[in-house]
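First comes the structure, then the notes that go with it.
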Amino acid sequence: MDFAWSNEQLDMRDAIIKFARNELNDNLIERDRNEEFSWDAWRKCAQFGIQGLPAPVEFGGGGADILTTVCALEALGYGCRDNGLLFSINAHMWCSIIPLMFFGAPEQKSRYLPKLINGEWVGIHAMTEPMSGSDAYSLKTRAEKRGDRYVVNGSKTFITNAPIADFVIVFANVEPSNGSGGGVTGFIIEKGAPGFNISRKLDKMGLRTSPMAELAFVDCEVPVENLLGKIGSGPAIFTASMEWERICIMAGHLGMMQRLLETSVKYAQERRQFGQPIGTFPQIASKIAEMEVRLETGRLILYKAAWLKKQGRHALREAAISKLYVSEACLQSCLDAIQIHGGYGYMTEYQIERELRDAVGGKIYSGTSEIQKNIIAGFQGVQTS
């Protein structure tokens, strides 16, 4: 593994940091309070090429490999403090663009990828249901073949970007008799399709600038040509999405951790108590050292997962390790940053308390920490139930 970025990658990183700092952080305290998604920032990111980073050039994408994509997303997480916006972008990339890239038919790619890459459309996938979260393939949504179409019935919850989505990959079971996951299949449904409704907007603790809602499908007719992949390929589509997502979405967390570390060091050098900078006290210095150790360890774990995937090797185990470690490390670094800042860290105007609220979700989405541990243990031959 080469630990050095190329000059082109370093230039890209610097450009993204400058872009994010200048364009993506306006009125963030107010937008977080009002749960306001920034369409302006979304479009600027698309124009810059963020949403299409790993997508094929022929459809308007950047054609970047996964290591370059991770480099870019870490820079974005460092320069942009709107973690909700970053969450929405990641959901869009890994849950709609990636499935189309690897499982879409040629006509599906031509029809949808350009609009998803240039930001004109927002894409999502819908897997989670009220009674099936971590046990994803026990879903109750059904798709029944009727002539030249499928009729979908069911409901989905915790769907990121749902209120603003133009395109959804919904997972439904076509052959329930095959057991859990056996007939799970992906279907492409566009906004406005009869029988497809956004049933309820959801309010969250963190990532409040990323909209979320429940979806309902009532006799929703889907043309056969909108089937993604083959009958029963839903688990393969979902696993591919999660492998990319668990690696790449955590890259933004590394950027946040770098920003928190630098902010905490600056504060520890400038804040004086008992006649000296607080950074000279062992308790504060220890927290700063631990923040840096977590950051560097997280980078090594995440970049190894990305490197393996770039080599064409399966990285499901490494993706689970990076997702588990970086999500938990980021949360602890947020807590340490607040503690270093004391009362100021607890205040909204310092914008660290929001980082903490946003970081909590990292232990839940894309598979909880407990699910990641199950995956990791499974690779060691430990059977989990």
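Summary of computed values
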item	result
Residue tally, condition assigned to a helix (DSSP H, G or I) and either of a type in the set (A, V, I, L, M) or within 17 Å of GLY342 (Cβ to Cβ) (or both), over the range 281-309	17
Qualifying residues in the range 11-40 (those that are among the small types (Gly, Ala, Ser) and in contact with a Leu (Cβ under 9 Å, 6 or more places away or on another chain)) - the one farthest from LEU76 (Cα to Cα)	SER38
Among the candidates GLY279, GLY275, residue that is out of contact with any helix residue (DSSP H, G or I) (no Cβ under 6 Å at 6 or more places or on another chain) and without any contact (Cβ under 8 Å) to a residue 40 or more places away in the chain	GLY275
Verdict on VAL70 being among the β-branched types (Val, Ile, Thr) and under 21 Å from LEU261 (Cα atoms)	yes
Those residues of the range 87-108 which are open to solvent by 10 Å² or more (accessible area, probe 1.4 Å) and out of contact with any Asp or Glu (no Cβ under 9 Å at 6 or more places or on another chain), in sequence order	MET101, PHE102, PHE103, GLY104, PRO106
The listed residue being among the β-branched types (Val, Ile, Thr), touching a residue at least 40 places away in the same chain (Cβ under 8 Å) and in a strand (DSSP E or B), out of ILE231, ILE198, ILE188	ILE188
Pairs, first in contact (Cβ under 8 Å) with a residue 12 or more places away in the chain and under 16 Å from TYR303 (Cβ atoms) in the range 316-337, second acidic (Asp, Glu) and open to solvent by 10 Å² or more (accessible area, probe 1.4 Å), C-beta under 8 Å, six or more apart	ALA319/GLU243
Per-region count, the range 265-280, residues open to solvent by 20 Å² or more (accessible area, probe 1.4 Å), small (Gly, Ala, Ser) and assigned to a helix (DSSP H, G or I)	1
Residue count, the range 8-65 (criterion: free of Cβ contacts under 8 Å to residues at least 40 places away in the same chain, under 23 Å from ALA305 (Cα atoms) and open to solvent by less than 90 Å² (accessible area, probe 1.4 Å))	5
GLU120 vs. criteria assigned to a loop (DSSP other than H, G, I, E, B) and either open to solvent by 30 Å² or more (accessible area, probe 1.4 Å) or farther than 20 Å from ARG43 by Cβ (or both)	yes
Verdict on GLY378 being without any contact (Cβ under 8 Å) to a residue 40 or more places away in the chain, open to solvent by less than 80 Å² (accessible area, probe 1.4 Å), under 23 Å from VAL265 (Cα atoms) and assigned to a helix (DSSP H, G or I)	no
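Residue-by-condition table, conditions (1) touching a helix residue (DSSP H, G or I) at 6+ places or on another chain (Cβ under 8 Å); (2) without any contact (Cβ under 8 Å) to a residue 12 or more places away in the chain; (3) within 27 Å of ALA105 (Cα to Cα); (4) open to solvent by less than 20 Å² (accessible area, probe 1.4 Å):
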position: SER138; (1), (2), (3), (4): no, no, yes, no
position: ARG149; (1), (2), (3), (4): yes, no, yes, no
position: ASN153; (1), (2), (3), (4): no, no, yes, no
position: VAL174; (1), (2), (3), (4): no, no, yes, no
position: VAL184; (1), (2), (3), (4): yes, no, yes, yes
position: GLY206; (1), (2), (3), (4): yes, no, no, yes
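A quick yes/no check of all residues on (1) open to solvent by less than 70 Å² (accessible area, probe 1.4 Å); (2) modelled with pLDDT under 95; (3) among the hydrophobic types (A, V, I, L, M, F, W, C); (4) in contact with a helix residue (DSSP H, G or I) (Cβ under 7 Å, 6 or more places away or on another chain):
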site	(1), (2), (3), (4)
THR263	yes, no, no, yes
ALA306	yes, no, yes, yes
LEU316	yes, yes, yes, yes
LEU324	yes, no, yes, yes
GLN339	no, no, no, yes
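The values are calculated or read from the model by the stated rules, or taken from the named source; none is laboratory data. These figures come from a predicted structure and were not determined experimentally. Cβ atoms come from the backbone with ideal geometry, glycine included; neighbour counts cover every protein chain shown. Surface areas here come from the heavy atoms of the whole protein model, side chains and all, with no ligands, DNA or RNA. Shrake-Rupley method; radii C 1.70, N 1.55, O 1.52, S 1.80 Å.
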